[in-house]
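Could you have a look at this structure, given as structure tokens, before my questions?
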Amino acid sequence: MPSQILHVLAGRRALGIPVQTCSSVSHSALYCPQPFNIGCQGPDVFAHNRRTKPFALAYARLLHRRKYGLFVAECLKEYSARPDAVFACWLAGFVTHQAVDRVLHPYIVYKSTQAQASVLKGVTPALHHAFLERILDVCMLSHLEGHAVRDFDTGQSFFLEPSVIELLSAPIARALLRTFPAETVSDTDCIKRVSNAFVDAVYFYQLTNPSVTSMHFDSGASALRHFIDRGYAGVALLFPDAPDPEVDWLNLGGEKWLHPVTGTKYRTSVPELFEQASRIAAASAACLNDVMEGTCTPASLVDCIGNGSLGAAGLDGRVGVVTYSDPFPLDRVLYEEANKRAQWLQGESVDPIS
């Protein structure tokens, strides 16, 4: 999945929201920016639920694999029964998520999947994937908005008051239960799972906040040691200040790359993929608005969004086997980043760019 920042940038682009600063949007453009920003994260929020039981991790996997459009339709039923501006803002963000995942995932998987296991202790293929996502966030924030990653305050952008978490959790849980009846038949804790996921996600976004973890600042954030103490695996979840400029992370040079499942050839750059995803997301958001205004049917929205996998899928829309890859030197870059972080935490002067 593309990481947090790219999803917000695409969501804002899709809704035509001007980005004056990276941490907030105008109230005239959006009623409540934080629920919208969290909505842009889609089911990734459930994947961050790793501290507080009962967990909602299974819902992250389910929604990434199938029935995304059906789930949105069930959320619309909740909105129709109990109209609420905060829930509507969350849903407006949520309908943009799948477009970004489906368009960007093939490139991310192709450029992060290694044939051999990592030489770095504790680093799994999933962490290579996550580390590249964060690199792309940093590069695209600079490319699109001219901002350094330390200017994006994920602690503020994704903060939810407990009352907002409570408001969102019940309708989302009811929609999940109706979308996946067979998988949730014995789940009597769904509302609590969703609530826990929001709480843990907000904690994660605060802990990895680049406006705190940037090496341009003093290493006074003691909570950061939670990640550094995990070695390379922990550093992979942090935003690097300045990814190696010698690597063409965004494929601005137009080098050939392949769809990791089908082998289809592309020369598309990440900015071009972003624009494509934003257009698809804008169509989904427009269809959502039409349904809310009664000029379009929920079935049309389901068709617009689709129910296939959000990952690198085959022609049938299902998760496919990765056959093609040409990864970036992620082990080397992560090794160098971890060494810089260790020096930084020891109070040594570190040039995050070198």
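I'd like the residue in the range 303-317 that is surrounded by fewer than 21 Cβ atoms within 10 Å (Cβ to Cβ) and aliphatic (A, V, I, L, M) and, out of all such residues, is farthest from the chain's Cα centre (by Cα).
315
Something else: Which condition from (1) in contact with a strand residue (DSSP E or B) (Cβ under 7 Å, 6 or more places away or on another chain); (2) of a type outside the set (Phe, Trp, Tyr); (3) farther than 15 Å from residue 99 by Cβ is the one that residue 336 breaks?
Looking at each condition in turn, residue 336 falls short on (1).
The conditions are (1) surrounded by 13 or more Cβ atoms within 10 Å (Cβ to Cβ); (2) within 18 Å of residue 101 (Cα to Cα), and residue 345 fails exactly one of them. Which is it?
It is condition (2) that residue 345 fails.
Looking only at the range 120-143, count how many residues are out of contact with any helix residue (DSSP H, G or I) (no Cβ under 6 Å at 6 or more places or on another chain), over 17 Å from residue 239 (Cα atoms) and of a type in the set (A, V, I, L, M, F, W, C).
Within the range 120-143, residues that are out of contact with any helix residue (DSSP H, G or I) (no Cβ under 6 Å at 6 or more places or on another chain), over 17 Å from residue 239 (Cα atoms) and of a type in the set (A, V, I, L, M, F, W, C) number 0.
Residues in the range 247-257: is at least one acidic (Asp, Glu) and modelled with pLDDT of 95 or more? Steps first, please.
First, pick out the residues of the range 247-257 that are acidic (Asp, Glu): 248, 255.
When the remaining residues are screened for being modelled with pLDDT of 95 or more, the result is 248, 255.
Yes, the range 247-257 has at least one match.
Only residues that are surrounded by fewer than 21 Cβ atoms within 10 Å (Cβ to Cβ), in a helix (DSSP H, G or I) and touching a residue at least 40 places away in the same chain (Cβ under 8 Å): list them for the range 155-175, please.
If the condition is that a residue be surrounded by fewer than 21 Cβ atoms within 10 Å (Cβ to Cβ), in a helix (DSSP H, G or I) and touching a residue at least 40 places away in the same chain (Cβ under 8 Å), then 155, 156, 164, 167, 174 are the ones that fit.
Keeping to the range 234-282, report how many residues are of a type in the set (A, V, I, L, M) and in contact with a strand residue (DSSP E or B) (Cβ under 7 Å, 6 or more places away or on another chain).
First pass over the range 234-282, keeping only residues of a type in the set (A, V, I, L, M): 235-238, 242, 247, 250, 252, 258, 261, 270, 273, 277, 280-282.
Checking the rest, the ones that are also in contact with a strand residue (DSSP E or B) (Cβ under 7 Å, 6 or more places away or on another chain) come to 258, 261.
Total meeting the criteria: 2.
Oh, and also: Give the range 33-87 a look and list any residue that's under 16 Å from residue 309 (Cβ atoms), more than 17 Å from the chain's Cα centre (by Cα) and not in a loop (DSSP other than H, G, I, E, B), or say none.
69, 70, 71, 72, listed by residue number.
Here's something else I'd like to know. So which residues in the range 261-283 are polar (S, T, N, Q) and either in a loop (DSSP other than H, G, I, E, B) or at pLDDT below 95 (or both)? Spell out the reasoning first.
Taking the range 261-283 and keeping what is polar (S, T, N, Q), we get 262, 264, 268-269, 276, 278.
Within the range 261-283, 262, 264, 268, 269 qualify.
This table checks each residue for (1) touching a helix residue (DSSP H, G or I) at 6+ places or on another chain (Cβ under 7 Å); (2) more than 15 Å from residue 41 (Cβ to Cβ); (3) of a type in the set (Lys, Arg); (4) surrounded by fewer than 19 Cβ atoms within 10 Å (Cβ to Cβ).
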| position | (1), (2), (3), (4) |
| --- | --- |
| 78 | yes, yes, no, no |
| 90 | yes, no, no, no |
| 93 | yes, no, no, no |
| 97 | yes, no, no, no |
| 104 | yes, no, no, no |
| 112 | yes, yes, no, no |
| 115 | no, yes, no, yes |
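I've got another one for you. Suppose we filter 320, 294 for residues that are more than 20 Å from residue 90 (Cβ to Cβ) and crowded, with 16+ Cβ neighbours inside 10 Å; which single one remains?
Working: 294 fails: crowded, with 16+ Cβ neighbours inside 10 Å.
On inspection, the qualifying residue turns out to be 320.
Moving on to the next point. I'd like the full set of residues that are in a loop (DSSP other than H, G, I, E, B) and either crowded, with 20+ Cβ neighbours inside 10 Å or modelled with pLDDT under 70 (or both), limited to the range 215-228. Before you say what the answer is, go through the steps one by one.
First, pick out the residues of the range 215-228 that are in a loop (DSSP other than H, G, I, E, B): 215-221.
Matches in the range 215-228: 215, 219, 220, 221.
The values are calculated or read from the model by the stated rules, or taken from the named source; none is laboratory data. The shown structure was predicted, so the numbers you read here are calculated from the model rather than taken from an experiment. Please note: Cβ atoms are built from the backbone with ideal geometry, for glycine as well, and neighbour counts cover all protein chains shown.
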